[in-house]
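What follows is a set of notes on a single structure, which appears directly below.
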Amino acid sequence: MLRFLLRRLLSGVLVLWLISVFTFGLFFVAPTDVPRLICGRLCTQVQIDLITKQLGLDQPILVQYWHFLERLFHGDLGYSYYNSESVNTLIASALPVTISLAIGAAVLWLVGGVSIGVVSAVKPRSFLDRSGTILALIGLSMPSFLIGILLLYFLFFLLTTHGMAWFPPSGYVSISSDPLEWAHHLVLPWCALAFITAATYIRLTRNQMLEVLGEDYIRTAKSKGIARRRVTVRHALRAALTPVVTQFGIDLATLLGGAIVTEQIFGLPGLGRLAVTSVIRQDQPVVIATVLLAAVFIVLANIVVDLLYAVLDPRVRLT
Amino acid sequence: MSADMTADSGAGPADTVDAARSTAPAGGGTSAAEPSSGAIEGRSPWQLAWLLLRRDKAAMISLGFIVFISLVAALAPLLAHLIGYGPTDQDRTNGITVDGLPVGPSSAHWFGTDNLGRDILVRVIYGTQVSLLVGVASTLLAVAMGVLVGLAAGYFGSVVDTVLSRAMDVVLSFPFLLFAIALVSIYGSGLGISVFVIAFFTWAAVGRIVRGQTLSIREKEYIEAARSLGAGDLRIMFVDVLPNLLAPVIVYTTLLIPIAIVFEATLSFLGLGVVPPTPTWGNMLSDSQDFYQVAWWFPFFPGLALLLTTLAFNLLGDGVRDALDPRAGRLFQD
Amino acid sequence: MSDDTRANESGEALIEVRAAVKHFPIKQGVIVKREVGRVHAVEGVSLAVRRGETLGLVGETGCGKSTLARCVTRLHQLTSGQILFEGQDITGLSRSQVRPYRRRMQMIFQDPYGSLNPRRRVGSIIGDPFAIHGEGERDERKPKVQELMELVGLNPEHYNRFPAEFSGGQRQRIGVARALALKPSLIVADEPVSALDVSIQAQIINLLDDLQQEFGLTYLFISHDLSVVRHVSDRIAVMYLGQVVELADSEELHGRPRHPYTNALLSAASVADPDQAAARQRIVLTGDVPSPVAPPSGCRFHPRCPKAQQICVEQVPALKARSGDPDTHLTACHFPVEPGEDLTRVTATIPEEERAE
């Protein structure tokens, strides 16, 4: 167990390191004139030279990368080229938004997806099953920005024009200042994210459940006279949930790295939004930080998922 | 241990052997255990799969729709000519209100116009070109790369596998969309880079599946048989292993195309895809964001086209999977 | 197998294995893999297969006979020892150097389902050897392949079928046709019939017999079933835990088995003649086959041997002709079984901890 954890952590660090090299290299060879970008078109050559020196851009790439790593180990992600703000501060302010968005949506899609999947599997070919299948298919095919636009049109615009201004179109209120407003502002984005993500869970749960329900030990349980509900929940669902857990870990981690499109559409100042604006401003320190942070989430999730897998499924041995 | 050894075959093989001596064609007089399988001549697994697929109504309708939009894409200039507007033509007389707003569907513009007075129908038709082109091209590129890498990793094992698997891990750990956006912002947007970026972030998933399959195929006795005949690695990989990978690869390809199409649309939507004024469904939807409140048709038609297309590919992909591997399919559906 | 092949008894060796050793390392480790143990699959086997004969190789599952076969055909690399094909040392040859020899020695595999690629047509499977060795153009191959199909008793019209459309016996015929394509001298048959029904087994064995006479083939025939091997072989080698424990002419081995293990195998095999069967006592061995990761010291059979004594624990018995045996009958045993000796009545005199429970 410990050995497994150690190996996974080591390989995780290796993956992260490769990503940092890749990202750094990508920006280094990029044809961007950073100093010019920072001080604008009217800069004198002297000023440009000064900035170049300050940022260490005149040094060879390995030295620059070394400085970057050095700062990284001290927990310092550098400063924005655009407004000289500390990247740590920028991320600290964006992270709660993204976490709020991701957690809320995750609860919705997990509960929704799994329960629809279970109902579908228990009564295959029923009306509910067919509706669930179609819903899943649409969710799977739906681009996230399209569902965003649809929700905005129907739940914000149409309702508002008919005098029912139930949902705000955009913005974020922190949970500490007003928990009710926090949820109020996040309902639409939650729904948008949950709808497209739940599709995978409906399918996964349904297929897994059907497979498990067909297995011998479930039939044995049924023939022993254990109540149907108990068989479904205690025996089948537990076994079926293992791959769902895997999927959930990866999806949640990906979202924590920033729900780019959803944050964009609903005007939420989260990590995704931060990343996109910095990309457009060519604000490299911020971009590198967001990319790395997102990768950290994914790598960590992979490890956690593997561990959970072993807990849920006793057949899995960690070696 | 004795169980192994008592397998009865010593019961006078000499008698039965001569009776069954068979240099005659099989089925011509051998025992019942070797029946001659008569009339059906060499129906391949693919033909069987196609027969199954043809019974799947949803998949066949989807296939019809995909053929239809492919034709639309191919004939886009002709269709535009018939309709009477080019994809970037601005109709200043009928296509825009005095307030500068889009005009709704009418006999002049069946799908209405956008905020610049351009015909939405023609633009949706042209958007089909980009979506299909990027979707199919990037998927093919990704699948080719994934198959090559996965095959090499699974077949050669050891160091090759370690390096390639790690590479796939790295790609899969990249924050996908974010990195794509970063790439595009640095190296500029356009059709080519979209294809490349999408392929770059999807090949690893294919590679992983192919690697896993290859690992299990590699242990099969027919691979050993090929090796004992003196076949080289390349021959074994492409003649013996690859045909056994085609089923999952084909399924994955069909399911990857809609993902690539959505990805392209998302890039376009964020203003990082194909450069305007070339119409794509994504940039049309992006343009419509400020107008959906007054012109529902502006986001509606490109959105519908996008949704139907991805839906069709997903349905077809499901059908193909069920046909190729009935066990993995939707278990109780007919 | 037949009288004309028996005439070749003293013929020269087509393939010879000298002191062959094959170990499979067992690896473990977090980052750097360390070797933590070895499977001693083949441990010092020397054998020669003479031109035109059938040498049977018998032993329980896991005794290393399949590994030995794969070493002979160079699918595995020997850990040490030599393999000589017509006197040429082919042990250290690279893959490209060994290619010409591959034409001369072919394999028939155990599993008629696993050894044929399910996604390829039968015609192309049988034509594989031609394609690999660049023999003939694509269109020239078809008649050749169909000729082969006819030869092994398949309908040549089934050229375009897939393996799934054939029965187990027919599939094994496909495997035989493929092995025969390049007119090899040696065919290594690794349990060619053990996956088949008994009635089909006889057909395949007979086919192999016919082909041997027609083309003067040499067989290395591997099986766990002594009665199958007896029927086809001129000589038989019995393997136990990676070593040959007895080697003799087929009839000699059956008539006068010297090694206690061979005796046990023979008593377990079924006998066609009921009188003989009734007369024979079954020798039941104690315990399981020991792990080839840590094989026993001395004679590897000692933990299960009813005749084992202290020397068996300490010394490895040589494989040589024992007193009273012809030169061609070799046994690796300190205390060979005498004709008429009843093995069920003797007990080993080795310490308890050396014995298998």
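For the segment B:309-317, counting C-beta atoms of other chains within 10 Å of every residue's C-beta and taking the mean gives 3. Spatial offset of segment A:178-209 relative to segment A:82-102 amounts to 23 Å, using the alpha carbon center of each. For the protein assembly as shown, a/c is not less than 1.5, where a ≥ b ≥ c are the root eigenvalues of the C-alpha gyration tensor, and a/b tops b/c. That puts it in the prolate class. Exposure proxy ranking for C:HIS302, B:HIS81, C:HIS259, based on other Cβ atoms within 10 angstrom of each Cβ and starting from the fewest, stands as B:HIS81, C:HIS302, C:HIS259.
Express in whole angstrom the spacing between the alpha-carbon centres of segment A:149-176 and segment C:43-96. One Cα centre to the other: 78 Å. Could you give me D for segment A:89-312, from Stokes-Einstein at 37 °C and 0.692 mPa s, where the hydrodynamic radius is the Kirkwood radius over C-alpha pairs? Units µm² s⁻¹, please. Translational diffusion coefficient: 172 µm²/s.
Only lysines eight or more places from C:LYS22 in sequence, or on another chain, were considered; those with a Cα closer than 23 Å are B:LYS220, C:LYS33, C:LYS65, C:LYS320.
For segment C:293-306, 3J(HN,Hα) computed residue by residue from phi via the Karplus equation (6.51, -1.76, 1.60; θ = phi - 60°) reads 6, 10, x, x, 6, x, 6, 5, 8, 4, x, 10, 8, x Hz, glycine and proline entered as x. Per residue of C:116-124, other chain Cβ atoms within 10 Å of the residue Cβ number 5 on average.
3J(HN,Hα) along segment B:160-177: 4, 4, 4, 5, 5, 5, 4, 4, 5, 4, 4, 4, 6, 8, 5, x, 2, 5 Hz, from the Karplus curve 6.51 cos²θ - 1.76 cosθ + 1.60 with θ = phi - 60°, whole Hz, x for Gly and Pro. Once the C-beta distance of A:ARG238 and A:SER86 is scaled by a Förster radius of 45 Å, the resulting FRET efficiency is 0.45 to the nearest 0.05.
Karplus-based coupling profile of segment C:154-168, in residue order and whole Hz: 10, 6, x, 6, 8, 3, 9, 7, 9, x, 4, 8, 10, 7, x, with θ = phi - 60° in 6.51 cos²θ - 1.76 cosθ + 1.60 and x standing for Gly or Pro.
Normalised by the number of residues in chain C, the mean separation of alpha-carbon contacts (under 8 Å, six or more apart) gives a relative contact order of 18 percent. Across segment B:61-333, Cα pairs under 8 Å and at least six residues apart give a relative contact order of 23 percent. Put a dot 7 Å past the Cα of A:TRP66, heading toward its Cβ, do the same for C:ARG282, and the two dots end up 7.8 nm apart.
In a fully extended conformation the segment linking A:ARG230 and A:ASP306 would gain 24.6 nm over its present Cα-Cα distance, using 0.36 nm per residue.
Using only the alpha-carbon atoms, how far is helix A:179-213 inclined from the longest principal axis of chain A? Give it as 0 to 90 degrees, nearest 10. The helix A:179-213 is inclined about 50 degrees to chain A.
If you plug the beta carbon distance of A:TRP17 and C:ALA294 into 1/(1 + (r/R0)^6) with R0 = 45 Å, you get a FRET efficiency near 0.60.
Only the coordinates and a few stated rules stand behind these numbers; no lab work does. Just so it is clear, the structure is predicted and the values come from calculations on it, not from any experiment. Counting neighbours? That spans all protein chains shown, and the Cβs are built from the backbone with ideal geometry, glycine included.
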